[in-house]
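The structure under discussion appears below in the form of structure tokens.
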Amino acid sequence: QVQLVESGGGLVQPGGSLRLSCVASGNIASINAMGWYRQAPGKERELVATQSNGGTTKYADSVEGRITISRDSAGNTVYLQMSSLKPEDTAVYYCNADIRPSIVASTRTYWGQGTQVTVSS
């Protein structure tokens, strides 16, 4: 019914850049916010960045100055531009979105399948 499809993960050298994307599809009435989380082995899943429909953004302190989140004009796609990547950025990155499906009245959080980002020489 509702699906988040991610792309753009892979292997990059320290100091390099990656651009992740996530597209929400299905029987969707509205999307209130979209964002990215990440989880490294042995660590809790943590917020990377989020952006609401009104343009309010939040960034994790660990990615300050190295991350830009953006959404397309339709609001169904979210991007994460990452620069100056460090080995400690290695993690599975998950797209998430607050979505109200067309057939229900309530909003819930959906998650993508996750995409691996590995920063290594």
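The values are calculated or read from the model by the stated rules, or taken from the named source; none is laboratory data. Since this is a predicted model, take the numbers as computed values, not measurements. Cβ sites come from the backbone with ideal geometry, for glycine too, and all protein chains shown count toward neighbours. Remember, those area values only see protein heavy atoms, side chains included, never the ligands or the DNA or RNA. Shrake-Rupley method; radii C 1.70, N 1.55, O 1.52, S 1.80 Å.
Conditions (1) open to solvent by less than 20 Å² (accessible area, probe 1.4 Å); (2) part of a strand (DSSP E or B); (3) not hydroxyl-bearing (S, T, Y), marked per residue:
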residue: Q3; (1), (2), (3): no, yes, yes
residue: E6; (1), (2), (3): yes, yes, yes
residue: L11; (1), (2), (3): no, yes, yes
residue: L20; (1), (2), (3): yes, yes, yes
residue: A24; (1), (2), (3): yes, yes, yes
residue: A33; (1), (2), (3): no, yes, yes
residue: W36; (1), (2), (3): yes, yes, yes
residue: P41; (1), (2), (3): no, no, yes
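Starting from residues that are β-branched (V, I, T) and out of contact with any Cys (no Cβ under 9 Å at 6 or more places or on another chain), keep the ones in the range 108-121 and report whichever is surrounded by the fewest Cβ atoms within 10 Å (Cβ to Cβ).
So the residue we want is T109.
Does any residue of the range 100-111 turn out to be in contact with a strand residue (DSSP E or B) (Cβ under 6 Å, 6 or more places away or on another chain), under 16 Å from G26 (Cα atoms) and among the aromatic types (F, W, Y)? Let's see the steps before the verdict.
Let us first name the residues in the range 100-111 that are in contact with a strand residue (DSSP E or B) (Cβ under 6 Å, 6 or more places away or on another chain), namely 100-102, 107, 109-111.
With under 16 Å from G26 (Cα atoms) added as a condition, the list becomes 100-102, 107, 109-111.
Keeping just the survivors that are among the aromatic types (F, W, Y) gives 110-111.
Scanning the range 100-111, I find at least one residue that is in contact with a strand residue (DSSP E or B) (Cβ under 6 Å, 6 or more places away or on another chain), under 16 Å from G26 (Cα atoms) and among the aromatic types (F, W, Y), so the answer is yes.
Would it be correct to say that G54 is of a type in the set (G, A, S) and in contact (Cβ under 8 Å) with a residue 24 or more places away in the chain?
no
If I filter the range 67-76 down to residues being open to solvent by 30 Å² or more (accessible area, probe 1.4 Å) and not hydrophobic (A, V, I, L, M, F, W, C), which single residue comes out as farthest from G35 (Cα to Cα)?
Checked the range 67-76; the qualifying residue farthest from G35 (Cα to Cα) is S73.
If I filter the range 53-66 for residues that are out of contact with any helix residue (DSSP H, G or I) (no Cβ under 7 Å at 6 or more places or on another chain), in a strand (DSSP E or B), closer than 22 Å to V2 by Cα and open to solvent by 20 Å² or more (accessible area, probe 1.4 Å), do I get at least one hit?
no
Restricting to the range 77-107, name every residue that is open to solvent by less than 50 Å² (accessible area, probe 1.4 Å) and in a loop (DSSP other than H, G, I, E, B).
S83, L85, T90
Considering only residues that are modelled with pLDDT under 95 and among the β-branched types (V, I, T), which ones fall in the range 79-106?
Of everything in the range 79-106, those that are modelled with pLDDT under 95 and among the β-branched types (V, I, T) turn out to be I103, V104.
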